[in-house]
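The values are calculated or read from the model by the stated rules, or taken from the named source; none is laboratory data. Computed from a predicted model, the values in this text were never measured in an experiment. No Cβ is skipped: glycine too gets one built from the backbone with ideal geometry, and neighbour counts run over all protein chains shown.
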Amino acid sequence: MYISKDAEFEYGLRVFLRGFNQAGPEEIVRTTYSIAFSVLAAHDITEVGRKASATFFEILIGHIAARRLGRAPRKKVVIPESGAFLPTDYVFDPGKGKRKIHLPIKTSTRERAVQAWVHQLVLERIFGADEYLGVLVVATETKRNAKTDEVIEICVPGQLQMFQSRVAKMTRVDYLDPPQAYLDLARAHPRVDVRRFGEAWSEIEELLSGH
């Protein structure tokens, strides 16, 4: 998925800077993947640390979503009965007549993924089950073995199913590089709607209208 040719990468950056207007799902996901992992790989080599990588990925996906939705995100909501502020993941309010979006972002579900479902549960308990769509965006589930340099996938599909059935229901989980074991959850029970990140763009209006 990584774009290694300089000319193709530079073209992808120009498409990204235009907000992916008229870009197809494959172009969106490959460009996003290449931008993200250029920085994440540099952080890995220079030993910057996982926190910086997670923060960069969160900001990158948040920016892409903000361009697509035409709204800046917030990271807190107001509790109606008290007026107090509740810290959250990114949340977007696309406007009247459209459902709001709760957008947690993770480099992998190994990084305390349950937080996304817990935040969704809290939002549902405060505002009701139909107010916020929960859309979790994840980079990948790959990991490099430091001793052998082998890259492997670490998948725990049963854990996602447990969160979905016992904690709260996320509307969907979008991956840049989805493992097949997780894509299969869209046809399993309990069902977790796992898809490729680029697909969200063609379906965003349908999602926001609540269909």
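Answer yes if at least one residue in segment 174-197 is of a type in the set (Ser, Thr, Tyr), surrounded by fewer than 16 Cβ atoms within 10 Å (Cβ to Cβ) and in contact (Cβ under 8 Å) with a residue 12 or more places away in the chain, and no otherwise. Please lay out each step first, then the result.
Of segment 174-197, the ones of a type in the set (Ser, Thr, Tyr) are 175, 182.
After this cut, where a residue has to be surrounded by fewer than 16 Cβ atoms within 10 Å (Cβ to Cβ) as well, the list is none.
Checked segment 174-197: no residue is of a type in the set (Ser, Thr, Tyr), surrounded by fewer than 16 Cβ atoms within 10 Å (Cβ to Cβ) and in contact (Cβ under 8 Å) with a residue 12 or more places away in the chain.
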The one condition Val135 fails out of (1) among the β-branched types (Val, Ile, Thr); (2) under 22 Å from Phe16 (Cβ atoms); (3) loosely packed, with under 14 Cβ neighbours inside 10 Å is (3)
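Mind checking which residues of segment 58-82 are in a loop (DSSP other than H, G, I, E, B) and either touching an Asp or Glu at 6+ places or on another chain (Cβ under 8 Å) or closer than 19 Å to Glu111 by Cα (or both)? Walk me through how you get there before you give the answer.
Just the residues of segment 58-82 that are in a loop (DSSP other than H, G, I, E, B), to begin with: 70-73, 79-82.
Within segment 58-82, Arg71 is the sole residue that qualifies.
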Among what's in segment 59-97 and is within 17 Å of Gly134 (Cβ to Cβ) and of a type in the set (Ser, Thr, Tyr), pick the residue that is modelled with the lowest pLDDT.
Thr88
Can you find a residue in segment 133-153 that is part of a helix (DSSP H, G or I), on the phi < 0 side of the Ramachandran plot and either under 11 Å from the mean Cα position of the chain (by Cα) or of a type outside the set (Lys, Arg) (or both)?
no
Quick one: which of Thr148, Thr171, Thr142 is touching a helix residue (DSSP H, G or I) at 6+ places or on another chain (Cβ under 9 Å) and either touching a residue at least 60 places away in the same chain (Cβ under 8 Å) or polar (S, T, N, Q) (or both)?
Thr171
Among the numbered criteria (1) among the basic types (Lys, Arg); (2) surrounded by fewer than 19 Cβ atoms within 10 Å (Cβ to Cβ); (3) in contact with a strand residue (DSSP E or B) (Cβ under 7 Å, 6 or more places away or on another chain); (4) under 30 Å from Lys143 (Cα atoms), which one does Arg112 miss?
(3)
Looking at Ala168 and the list (1) modelled with pLDDT under 95; (2) not in a helix (DSSP H, G or I), which single condition is not satisfied?
(1)
Got at least one residue in segment 89-98 being among the hydroxyl-bearing types (Ser, Thr, Tyr) and surrounded by fewer than 20 Cβ atoms within 10 Å (Cβ to Cβ)?
no
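Being aromatic (Phe, Trp, Tyr) and outside any helix (DSSP H, G or I) is the filter; apply it to segment 1-57 and report the residue that is modelled with the lowest pLDDT. Outline the logic, then answer.
So the first thing to find is which residues in segment 1-57 are aromatic (Phe, Trp, Tyr), and the list is 2, 9, 11, 16, 20, 33, 37, 56-57.
Next cut, outside any helix (DSSP H, G or I) only: 2, 20.
Values: Tyr2: 94, Phe20: 90.
My answer is Phe20.
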Residue list for segment 39-71, filter: free of Cβ contacts under 8 Å to residues at least 12 places away in the same chain and closer than 24 Å to Ala200 by Cβ
Thr55, Ile59, His63
